[in-house]
Amino acid sequence: VWVMLAGLAHPVAAQDVGRIEGTVTRQDDGSPLGGVSVTVVGTGVSTVTGTDGAYTLPRVPEGPRQILFRWLGFQAQEMSLTVRADATQTGDVALVPQVISLGEIIVSGASRTPERVVEAPAAISVVNPITLRDASLTGQAPQALTSVAGVDVVQSGVNDYNVNARGFNSSLNRRVLVLQDGRDLAIAFLGSQEWNALSISLEELGRLEMVRGPGSALYGANAFAGVLSIRTPPARDVVGTKISLGGGELTTFRGDLRHAGVSPDGRFGYRFNVGYNRSNTRAKSRTRVDGLDAQNEYGQVTDDPVVTGLPTCGATRNCLAIEGRALNGQTRDPTNGLATGDIDNVQNIYGSGRFDYYADNGSIFTVEGGAAQVENDIFVTGIGRVQVTKALRPWARIGWDSDNYNLMAWYSGRNSIEPQYSLASGVELEESSALLHVEGQYNRSFAEDRARIVVGASARSSNVDTETTLMAPGDDDRSDAYFSGYGQFEFKVAPQVRLVAAARVDDGDLIDTQFSPKGAIVFSPNDQHSIRFTVNRAFQTPNYSEFFLRANTPAHGLTSPAELEAGLEQLFAVLQNPGAPPAGVGPALSALMGTLGLPSDVPWNFSAQTPGLALGNDSLDVEKVTSWEVGYKGNVSDRAYVSVDLYLSKISDFVTDLLPANILPDANTKYTQYSFTADGTDIPANLDAIEGALDLAMIPAAHPLRASLAQLRGGYGQLTGALGSQIATLPDGTRAFIVSYANAGEVTEQGIELGFGYGFTPEVRIDGTYTFFDFDVDEEQFGQDIIPNTPKHKGTVGLTYSGLQGFDFGVKARFVDGYEWVAGVFAGDIPSTQTVDVNAGYAINNNLRLYAIATNFFDQTQFHLYGGSLVRRRVLGGLTATF
């Protein structure tokens, strides 16, 4: 790959080139249009207009050329120019507004090649760059996805989000693969996203495409329920300097600086940016031993009682366990658990740089990299909340993008500068991890553009070291490799009918070989409508936590097993020793007890403390899904568009949340299930016999032996009940309260995703979505309830105005049905929510814009996952200046 990159860094052939520059405006009022896509047809040379409407195409091959201008809400327009070597041509154009223009949207996420969105063989949505611009004040990309049909955006704090599609969500969702310019943004250990670790402002992300449904045929592991593709623009598309400042509620402050330029000959481009975000957190410490912290926090939303305490609450509705550590900045009173002091701010510092080389044939060679430092973020995990004190996320990428070749290599790391903390157990957690990835892709059209092929291959190395804080010594500090190859073939059997077939093979050190096929038929009667039918198969690998976790749980350090064992031995000794206290045990009773053969040494041999451990399972299989989909998208008039997607999916081999040892199959080699009767000591029968003997000996009810017997009977019942279900024996012979993972169950899920829009005028439009989700459990194992953690109904409706004189305004309402949530130690009911977000902006001139956003405008106190923090209103304002 490196040899190919080096060779391709030179022009394919010496070629005379010229320059095109111009300005794009609105035809009705002459105002400049930013963000317009400008493409030299047939060359791969393209750019986008700046905020002043200006654009530059510095290296266009000489000769007659067609320049294509596209932008949502305007009619596409072509311009003919003759390019002369070493000369500059001017190409000014005025675009005509039109109400609805789905046909002008170009996407690449569904097929890994550019195509019109109405013809894409998948359910795919494009986030309007204006939505990204307005959401940039929040610093969170998921905020821009809240209006995408079929997508669940679950917020559990200021920065902790997870993004899911089509059901079966969890605290650390990994079913949607998130890529930035082809680079996987997931954390190596957990496989989930750390949204606060982006090293570029949302305003600079350029483009977000959300592909819903299985995508492993082209993208591999973890493209299980969808793919979120983020595309950042080349340096030459954002030439100039931009400064953004903002702030507001929660003492939020945000600052970002970006500068980009090109060399005088247009051959090289560069872009740099730095930024800083700071905010108070909505998270609260939950350390009071009486459980009032959790009850007071969630009591603001639900009238249902909140259960707190030991791991027994993990199987109880509305469970929020008491935590052993306060949030950073606070101290915990060891007597009553009360946390005092000011909680530290959540913040991140980030920066990145990019260098581009623009070849004569339109190809771009890129070297880029950056890093983000995150502080005091909180994750909700299966073993409880985890706080990241300070972590660094460095990354680098090198790539060559051309019409037919796409080659890249990238690195993505994560390092704990200061320890993370499990808030439940209080123990320090470390992580140093890295993903190294190389990939090559080739595509070409043939048969007079009726056919196209895409082929590619990739290799990845995943390195994780937790310094034995999260994995056992034998499993820690490891490197694992993954390899894949994929291909796609498309063929137009008729001008209106396209067939698509794709397949991928993945293999690796931790998984068996996986085969992921895809088939699609797309019928497009004209350029405004299409109907598709697709079949996909995808898979999701267990993460390192699910494979190799070894961490303390809230049950760590319980003394009850050893205390029960000592209490039983003491009682048996007393009953067989007439001279031992308490008084009243005579020789006759002792003789009677002797006939029972009570052991003076109960053979359980519990140590002074029995730890609580969450253990991974290295025998886990991958989760699998096969999905059948039918979809329609198109402009039903010159004012309205509609998209409809229906799917039916079969999911198998779910990786469960953490479950107690006794209900899991004996597939985990890290422990064996423990039985209190396996050694032949029938404690319940002995206790019953002692009770009968005390009755025969007429020992009074107030006698200490009666009280001791009742206490031990209760302790045994508790230990062999909810707590005892977790006791298991480790390979070294010690015992612990164990929770672990397993594969379980099969489910059929089905759903409908609707999107619609109507344009009253080119400036005023209404858009909405509705999503229906349902499921049937086909197979359920070892009593584990399979819960999708997803609402049955949800929808959005939004009204936007983007008009003249620089004003824009938007209001969006989201409606989410209530649903159940069970994930690890957290279980409860999520109340239904109705949320209104408002945004507004005013462009003073082409260089200065003021804007504001209010999320949860009416300040409805709510939570989106059980265990997460409350979500309240957040009003932010800012300004952007460009030079």
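The values are calculated or read from the model by the stated rules, or taken from the named source; none is laboratory data. Just so it is clear, the model here is predicted, and its values are computed rather than measured. All Cβ positions, even for glycine, are placed from backbone atoms using ideal geometry, and neighbour counts span all protein chains on display. Side chains are part of the model used for accessible areas, which takes the heavy atoms of the whole protein and leaves out ligands, DNA and RNA. Shrake-Rupley method; radii C 1.70, N 1.55, O 1.52, S 1.80 Å.
So the values come out like this:
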| item | result |
| --- | --- |
| Positions within the range 499-518 being assigned to a strand (DSSP E or B), of a type outside the set (Lys, Arg) and open to solvent by less than 30 Å² (accessible area, probe 1.4 Å), in sequence order | Val500, Ala502, Asp506, Gly508, Gln514, Ser516 |
| Residue selected from the range 115-134 under the condition modelled with pLDDT of 80 or more and under 16 Å from Leu208 (Cβ atoms), by the criterion most open to solvent (accessible area, probe 1.4 Å) | Val126 |
| Residue match in the range 441-459 (condition: closer than 30 Å to Ile738 by Cβ and among the aromatic types (Phe, Trp, Tyr)) | no |
| Test: residue in the range 476-498 that is within 20 Å of Gly109 (Cα to Cα), surrounded by 14 or more Cβ atoms within 10 Å (Cβ to Cβ) and of a type in the set (Asp, Glu) | yes |
| Residues (within 19 Å of Tyr358 (Cα to Cα) and open to solvent by 40 Å² or more (accessible area, probe 1.4 Å)) located in the range 396-432 | Asp401, Asp403, Asn404, Tyr405, Asn406 |
| Residue within the range 282-295 that is more than 30 Å from Leu850 (Cβ to Cβ), touching a Pro at 6+ places or on another chain (Cβ under 9 Å) and either of a type outside the set (Lys, Arg) or in contact (Cβ under 8 Å) with a residue 24 or more places away in the chain (or both) present | yes |
| Any hit, the range 529-537, residues being more than 25 Å from Ser649 (Cβ to Cβ) and among the hydroxyl-bearing types (Ser, Thr, Tyr) | no |
| Complete set of residues in the range 68-78 that are part of a strand (DSSP E or B) and within 25 Å of Glu204 (Cβ to Cβ) | Leu68, Phe69, Arg70, Phe74 |
| Count of residues meeting criterion [surrounded by fewer than 20 Cβ atoms within 10 Å (Cβ to Cβ) and under 15 Å from Val493 (Cα atoms)] in the range 532-542 | 0 |
| Boolean, Thr669 is among the β-branched types (Val, Ile, Thr), out of contact with any strand residue (DSSP E or B) (no Cβ under 7 Å at 6 or more places or on another chain) and either surrounded by fewer than 17 Cβ atoms within 10 Å (Cβ to Cβ) or farther than 30 Å from Glu569 by Cβ (or both) | yes |
| Single match in Asp86, Asp92 (criterion: open to solvent by 50 Å² or more (accessible area, probe 1.4 Å), closer than 30 Å to Leu850 by Cβ and at pLDDT 80 or above) | Asp92 |
| Only listed residue being touching a Gly at 6+ places or on another chain (Cβ under 8 Å), touching a residue at least 12 places away in the same chain (Cβ under 8 Å) and among the β-branched types (Val, Ile, Thr), chosen from Val497, Val505 | Val505 |
| Selection within the range 333-366 - assigned to a strand (DSSP E or B) and open to solvent by 50 Å² or more (accessible area, probe 1.4 Å) | Thr340, Ile349, Phe355 |
| Pick from the range 15-56, criterion modelled with pLDDT of 80 or more, aliphatic (A, V, I, L, M) and outside any loop (DSSP other than H, G, I, E, B), ranking: surrounded by the most Cβ atoms within 10 Å (Cβ to Cβ) | Val24 |
| Residues satisfying the stated conditions in the range 733-783, i.e. over 24 Å from Ser649 (Cα atoms) and of a type in the set (Ser, Thr, Tyr) | Thr734, Ser740, Tyr758, Thr761 |
| Matching option when the condition is over 30 Å from Asp618 (Cα atoms), open to solvent by less than 50 Å² (accessible area, probe 1.4 Å), at pLDDT 90 or above and of a type in the set (Val, Ile, Thr), among Val522, Val574, Val585 | Val522 |
| Residue list for the range 769-797, restricted to those being more than 23 Å from the chain's Cα centre (by Cα) and modelled with pLDDT of 95 or more | Val797 |
| Filter result for Gly612 (at pLDDT 85 or above and either within 30 Å of Ala321 (Cβ to Cβ) or of a type in the set (S, T, N, Q) (or both)) | no |
| Condition check for Gly485: in a loop (DSSP other than H, G, I, E, B) and small (Gly, Ala, Ser) | no |
| Out of Ser285, Ser244, sole residue that is surrounded by 17 or more Cβ atoms within 10 Å (Cβ to Cβ), hydroxyl-bearing (Ser, Thr, Tyr), modelled with pLDDT of 90 or more and more than 30 Å from Leu177 (Cα to Cα) | Ser285 |
| Residue ID - most open to solvent (accessible area, probe 1.4 Å), chosen from residues in the range 716-756 that are of a type outside the set (A, V, I, L, M, F, W, C) and farther than 29 Å from Gly616 by Cα | Gln750 |
| Positions within the range 519-542 being part of a loop (DSSP other than H, G, I, E, B) and more than 26 Å from Ile727 (Cβ to Cβ), in sequence order | Asp527, Gln528, Thr541 |
| In the range 868-883, the residues that are at pLDDT below 90 and surrounded by 17 or more Cβ atoms within 10 Å (Cβ to Cβ) | Thr882 |
| Residue match in the range 72-83 (condition: surrounded by 20 or more Cβ atoms within 10 Å (Cβ to Cβ) and over 36 Å from the mean Cα position of the chain (by Cα)) | yes |
| Test: residue in the range 372-387 that is crowded, with 19+ Cβ neighbours inside 10 Å, over 26 Å from the mean Cα position of the chain (by Cα) and modelled with pLDDT of 95 or more | no |
| Within the range 239-300, strands (runs of 3 or more DSSP E) holding 1 or more residues that are of a type in the set (A, V, I, L, M, F, W, C) and within 22 Å of Ile378 (Cβ to Cβ) | 252-262 |
| Failed item, numbered, when Gly806 is tested on (1) under 28 Å from the mean Cα position of the chain (by Cα); (2) open to solvent by 20 Å² or more (accessible area, probe 1.4 Å) | (1) |
